[in-house]
1. Among (1) under 23 Å from Ala35 (Cα atoms); (2) open to solvent by 60 Å² or more (accessible area, probe 1.4 Å), where does Phe87 come up short?
2. Given the condition touching a residue at least 12 places away in the same chain (Cβ under 8 Å) and over 22 Å from Thr136 (Cα atoms), answer yes or no: does some residue in region 58-68 qualify?
3. Just one of (1) crowded, with 16+ Cβ neighbours inside 10 Å; (2) part of a loop (DSSP other than H, G, I, E, B) trips up Thr41, so point out which.
4. Looking at Lys72, Lys115, which one is surrounded by 14 or more Cβ atoms within 10 Å (Cβ to Cβ) and either more than 16 Å from the chain's Cα centre (by Cα) or outside any helix (DSSP H, G or I) (or both)?
5. Which pairs have Cβ atoms under 6 Å, sit 6 or more apart or on different chains, and link a residue in region 164-179 that is at pLDDT 85 or above to one that is open to solvent by less than 100 Å² (accessible area, probe 1.4 Å) and not in a helix (DSSP H, G or I)?
6. Any chance region 49-56 includes a residue that's crowded, with 19+ Cβ neighbours inside 10 Å, touching a strand residue (DSSP E or B) at 6+ places or on another chain (Cβ under 6 Å) and of a type in the set (Gly, Ala, Ser)?
7. Regarding region 102-110, can at least one residue be identified that is among the charged types (D, E, K, R) and within 28 Å of Asp52 (Cα to Cα)?
8. Looking at Leu30, is it part of a helix (DSSP H, G or I) and open to solvent by 60 Å² or more (accessible area, probe 1.4 Å)?
Amino acid sequence: LYSLMLESHNDSAVAIAEHIGGSVEGFANLMNQKALDLGCTNTNFVTPNGLDADGHLTTARDLAVIASYAIKNSDFIEITNTSAWQFNEITNNRSFSITNKDKFLYLYEGAIGIKTGFTNKAGFCFVGAVDKNDKTFISVVLGSGWPPNKNYKWHDSKALMDYGFHNFEMKQIFDEAKE
């Protein structure tokens, strides 16, 4: 999971998919069912790693719904907030070190990560979350530049989070009915 979430290792996504779903296709079916259960009606997963594939699609809204669900899981937050991780290969004990590619964790106060991504069709993408001042916001930026504009996603995400924190507040608009 650390390999998948911190460095986007596509082979890790396939290994996880085959272990949990029996196959990539089986895992995609599980992901699609969970997406539907969450109300994501404009999503169809074909790959476990988000790589471009015929029929593999989603929307910013659906990704925000999925992210909102994911950040309720403390293990997910622990993994996505880890800056570096080391592990050993089982067969010949080679050591590996990986680092988190989510720079937003260091760029925005209260950031709780989520996931970066890039494909040739989607460009640079980022789903991020911030939790501060008793508010939690999720942002999704898709197609936020293509090479060499790797850092546009950080600027775009910061702008969305700033907008949210400056323009939205919780208000109680009614009292519960008293019996």
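1. So Phe87 meets the others, but not (1).
2. Checking region 58-68: at least one residue is touching a residue at least 12 places away in the same chain (Cβ under 8 Å) and over 22 Å from Thr136 (Cα atoms).
3. Every listed condition holds for Thr41 apart from (1).
4. Lys115
5. Gly164/Phe137
6. Checked region 49-56: at least one residue is crowded, with 19+ Cβ neighbours inside 10 Å, touching a strand residue (DSSP E or B) at 6+ places or on another chain (Cβ under 6 Å) and of a type in the set (Gly, Ala, Ser).
7. yes
8. Judged against the criteria, Leu30 is a match.
The values are calculated or read from the model by the stated rules, or taken from the named source; none is laboratory data. Keep in mind that this is a model prediction, so the values were computed, not measured. Neighbour counts are summed over all protein chains in view; Cβ atoms, including those assigned to glycine, are modelled from backbone coordinates with ideal geometry. Please note that ligands, DNA and RNA were not included when accessible areas were found on the heavy atoms of the full protein model with its side chains. Shrake-Rupley method; radii C 1.70, N 1.55, O 1.52, S 1.80 Å.
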